[in-house]
Each structure stands twice: as C-alpha cells, then as structure tokens.
Amino acid sequence: MRGKLRSFRTVLVAGIGVPVLLLAGPSPGAAADSHSGGGKPGLPSSVYGGAWPTSHLQGVTVDRRRGFVYWSFTQKLVKTDLRGTVVGTVEGLTGHLGDIDVDERDGRVYGSLEYKAAESFYIAVFDARAIDRVGMDAERDGVMTAVHLDEVAADFTADMDGVFDGDTADTADHRYGCSGIDGVSFGPAFGRRGGEQTLKVAYGVYSHTGRSDNDHQVILDYDISTWGRYARPLTQDAPHHSGPERPDGKFFVRTGNTTYGVQNLQYDPYTGNWFMAVYKGRKDGFPHYSLFAVDGSARPVIGAIEGQPTPETGRLLTLSEAGLRDAATGIRGWEFQGSYGFDALGGGRYYVAEARTVEEDGVVKQAGEIRLHRWTGGTPGPFTPVG
C-alpha cells in the first residue's frame, strides 16, 4: 500500500458510516517491489494504482511488452508504469466502465462500457499510446472510440412479460437475466489452445432468485479485425449505435445465478482455461463459488439452455474438472476473490487486484493495488501470493 498507514476513521458516504483508511502522503513507487518476488524479472510483486475520487476498481490489464498497467475505476481509465507512476488518465465517462483487456498486438485497451438509461452497450477502445497526461477527456481528446453491441441491447431490452420494466432485477424482463456487460478478454476460440485471438465479452446477469432462466453465464465472441468500420467517437449525451448486428459466436455456461454475472473474464495461456470471477449469487440450490473456469480444451456442444420459458438450445461451454465440486449440481469452482481485477501473465503468474476505500487530504477516494500470485490448482483457492 502506498503511503504510511495512520489510522482508521468512519466517514459518511451517502448517509452511511463507512470505515476508511487514513494515509500519509504517497511516496512514488513505494508499493512496487524492486524485484519480481519470484516471478519473471520486471514483474514487481505489487503495483499501486493510486487513489481516485471515483467508484471502485473494476478491472486491470498489464501490457508487459510496453511496460504499462491500465486500471478501470468505473468513470476513469488510469495508466501507470510497473512502478505505479501515473502516466495519464482518461476522464469524463458518465457510463459504467467495467473490465478491461489489452490487445498485445497493438497496445490498444478494450473495455466494457454501459449506458443503461440509454439502453446502449459498448466496447470502448482506448488508443493507449496517446494517453500521456492526467485529465484527458474521453470525448474531446481523441483517445477513445466505441463500438455498439446490438446483441447485448436486444437481450437487455427483451420484454418477457408484456411490459418492459427497465433497469431492475425485480422483473421477468431481460433475456437470460441480462443486465448488460462486464468481463472482457482476448483469447483463442473455445476448445483451442492457440490460433486467432478474438474478443470475448461476458454478460452481466441480474441476481433474481425467483426466476430459472438466469443461471448461465453468457459470453459473446467478436472478431475485431472488422471493427474499423464501426468504431466512432462517443458523444455521451447522444450515443451512437454503430456496431455489428450480431456476434460471431454466443456461448452459455451453467454456473448457477450470480450477482451481476462475470465481473472479470480472463484467458489463461498457462492452464488454457478461461477464468470467470464473479460476485456470489444468492439462489437456493447452487454452491455460489466466486471463481469459475471454462475448460479451454473442450469444444462447445449444442445443448439445451436450461430454465428458459420456451425450450431453447445453444452452444454450451464446459466447466473445468478442477476445483471444488458441488455434489448436488456437479458445478465446479473455487473460493477466490478476483472480481476487482485479474490478469493472467503467462507461466503460471497472475496479478490479482485489491480495492479499498481510503481518505487522502480529507477526500474519500477509491484505491487499487495488484499483487503477484502463482498457480497452485489447490482448493479452496487455486492461487497463492508471491513475495
């Protein structure tokens, strides 16, 4: 943690008493170890992403080739180096910026971006090379474009009972319980260890314990090589709808209902699996793990999407045989918190994000830090901190 810990204090946030940390002034690079903590040289055991007057940390991604870390703080994208030195920020976002991933081929950063009131859902594309100062504007400074995802909007706005009730979980609306999007990751086709890298986008899913059609995670697959025709600067007061009409693939994996679906999605080249970090669900009859893994070696199969009001088939993914197993459902997963940010680095190494509320100079802020972990495959959690 950057800065010297002084004390705990309770402050009022939206009328609720919230315990926060009181920090002394930050010292640049103090949180980042000068060694790799047992990992590859150049990978510090921790990196501090700063504290910002925003909503909490949503995701992180590391561009190892260029030596940068990108942090999604809901309304702000932060760029640091591997010592935690802030290089620049992109601000002025009025929607919800969620999970992010870097396309290592060109260094661009892709993130889920929601405007639920406008029923508009995007992948934001950041020209990361151009982010070089604090306070860059998402609309005016030419560093962000956006591609609209029609498929997500169609499922979010699906009227399932004759009256569309809008952005609420307490309704039969929203096909598959779709609340928008969050987790994003580049990786190969499901069932393959290599090949063309495409962008996978995971749905948010409402936690509605009274319906049976929201027990799957839904993942869309997009070939972004054609996205040059769709990408447009985003005027947030009048959002455009330029984007592909449908995904290149749509997949389902039954995990049991969760609270807002896949928060962080990440392809792991070491295990060949796709990790899905979630907030636990509350529906009876499911184990409610906080981390799942799609078996990356298993080809999708056509099968019934359970629980739908009208029988429906789709391309089903298979959970990994590793981890804890719930005897009643056969669902497998782990108890591990990766929903604030999770990035697979290769070679069995991972950065896992921690989020916390701090107070700096009398201002309540949201802070983020990533810590290096290594794969063990054990239970209840399959990772252990390094250093």
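The table below gives the values:
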item	result
Where N is the number of residues in the chain, Cα Rg divided by 2.2 N^0.38 Å	0.95
Charge dipole (the range 189-298, unit charges on Cβ, about Cα centre) - positive-most of GLN236, PHE252, TYR267	PHE252
Violating pairs (Cα-Cα greater than 22 angstrom) within the set LYS79/LYS116; LYS116/LYS200; LYS200/LYS365	LYS79/LYS116; LYS200/LYS365
Relative contact order of the chain, defined on C-alpha pairs under 8 angstrom at six or more residues apart (%)	15
Given charges at beta-carbon only (K, R positive; D, E negative), |dipole| of the range 50-164 in Debye	800
For THR329, net neighbour charge (Lys/Arg +1, Asp/Glu -1) across residues whose Cβ lies under 14 Å away	0
Nonlocal amide H pairs with SER179, under 5 Å, H built at 1.01 Å	GLY204, VAL205, TYR206
Estimated vicinal HN-Hα couplings, Hz - the range 288-303 in sequence order (Karplus 6.51, -1.76, 1.60; Gly, Pro = x)	6, 6, 9, 9, 10, 9, 7, 5, x, 8, 8, 5, x, 10, 7, x
Projected area, mean over directions - the range 67-204, Cα convex hull, nm²	9.6
DSSP bridge pairs, the range 274-386: antiparallel proportion in percent, nearest 5	100
Net charge, GLY111 excluded, C-beta distance under 12 Å - Lys, Arg +1, Asp, Glu -1	-3
Surrounding net charge for ALA153, when Lys and Arg each add one and Asp and Glu each subtract one, Cβ distance under 12 Å	-3
Dipole moment magnitude, nearest 20 debye, the range 260-366 about Cα centre, only Lys, Arg, Asp, Glu C-beta charged	260
Distant-in-sequence amide H partners of LEU319 (H built 1.01 Å from N, under 5 Å)	ASP295
DSSP bridge orientation in the chain - percent antiparallel, rounded to nearest 5	95
Whichever aspartates and glutamates have a C-alpha closer than 16 Å to that of LYS280, once near sequence neighbours (fewer than 8 apart) are set aside	ASP182, ASP215, ASP326, GLU335
Using θ = phi - 60° and Karplus 6.51 cos²θ - 1.76 cosθ + 1.60, couplings along the range 89-94 (whole Hz; Gly, Pro as x)	9, 10, 10, x, 7, 9
Part-to-part distance (alpha-carbon centres) for the range 79-118 and the range 123-174, which is given in Å	13
Whole-number percent relative contact order across the range 218-341, with pairs defined as alpha carbons under 8 Å at least 6 apart	22
Given charges at beta-carbon only (K, R positive; D, E negative), |dipole| of the chain in Debye	1520
The range 119-278 - convex hull of alpha carbons, volume per residue in Å³	140
Area of GLU91 that stays accessible when all protein chains are in place (1.4 Å probe, Å², to 10)	50
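The values are calculated or read from the model by the stated rules, or taken from the named source; none is laboratory data. Nothing here was measured: the structure is a model prediction, and the numbers come from that model. Note that each Cβ is placed from the backbone with ideal geometry, even for glycine, and that neighbours are counted across all protein chains shown. Accessible surface areas use protein heavy atoms only, side chains included; no ligands, DNA or RNA. Shrake-Rupley method; radii C 1.70, N 1.55, O 1.52, S 1.80 Å.
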